[in-house]
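Every number here is computed from the coordinates shown, using simple stated rules; none is lab data. As the structure is a prediction and not an experimental result, all values here were calculated from the model. All Cβ positions, even for glycine, are placed from backbone atoms using ideal geometry, and neighbour counts span all protein chains on display.
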Amino acid sequence: MRVLLFGRLGDIAGWRERDFEPPPASLSALKALIAAEDAALGLALEAKGVRAAVDRVIVRGEAALGTDAEVAFLPPMSGG
């Protein structure tokens, strides 16, 4: 499973792309695994406005993850 971090999330983590093997079975399990390794990143992923996309589709709430899933975490967007 590949995990991508965009914007400030990548800055917090110190990485932008990482493979997780074996892959967690769900989005919540992935977040828990990441938080256990990096508390600051775990908090950032739970912040208001952070979205997750699984296989390029934005998901709300829980999602099952396959072994070849691509999960992207997107920080809140700003614009003008």
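What number, in percent, do you get for the relative contact order of the chain if the mean sequence gap of Cα pairs under 8 Å and at least 6 apart is divided by its residue count?
Value for the chain: 40 percent.
Less than 11 Å Cβ to Cβ from residue 1, Lys/Arg counted +1 and Asp/Glu -1: what total charge do the surrounding residues give?
-3
Might you report the magnitude of the Cβ-based charge dipole of the chain about its Cα centre, with Lys and Arg at +1 and Asp and Glu at -1, to the nearest 20 debye?
Roughly 360 debye, rounded to the nearest 20.
Once label points are set 7 Å from the Cα along Cα→Cβ at both residue 53 and residue 36, what is their separation, rounded to one decimal in nm?
Going from the residue 53 label point to the residue 36 one covers 2.8 nm.
Around residue 24, what is the net charge, scoring Lys/Arg as +1 and Asp/Glu as -1 over all other residues with Cβ under 14 Å from its Cβ?
Computed value for this residue: -3.
Calculate for the chain the 222 nm mean residue ellipticity that helices alone would give, adding -39,500 (n - 2.57) per DSSP H run of length 4 or more and normalising by residue count, nearest 500 deg cm²/dmol.
-8000 deg cm²/dmol
With θ set to phi - 60°, apply the Karplus curve 6.51 cos²θ - 1.76 cosθ + 1.60 along the range 39-47 and write out the HN-Hα couplings as whole Hz, x wherever there is a Gly or Pro.
These are the phi-based 3J(HN,Hα) values: 4, 5, 5, x, 5, 5, 5, 8, 5 Hz.
HN-Hα J couplings of the range 29-37 from phi, Karplus 6.51/-1.76/1.60, θ = phi - 60°, integer Hz, Gly and Pro as x?
Result, ordered by residue: 5, 5, 4, 5, 5, 5, 5, 5, 7 Hz.
Taking K and R as +1 and D and E as -1, what net charge do the other residues with C-beta under 15 Å from the C-beta of residue 72 add up to?
Result for the neighbourhood of residue 72: +3.
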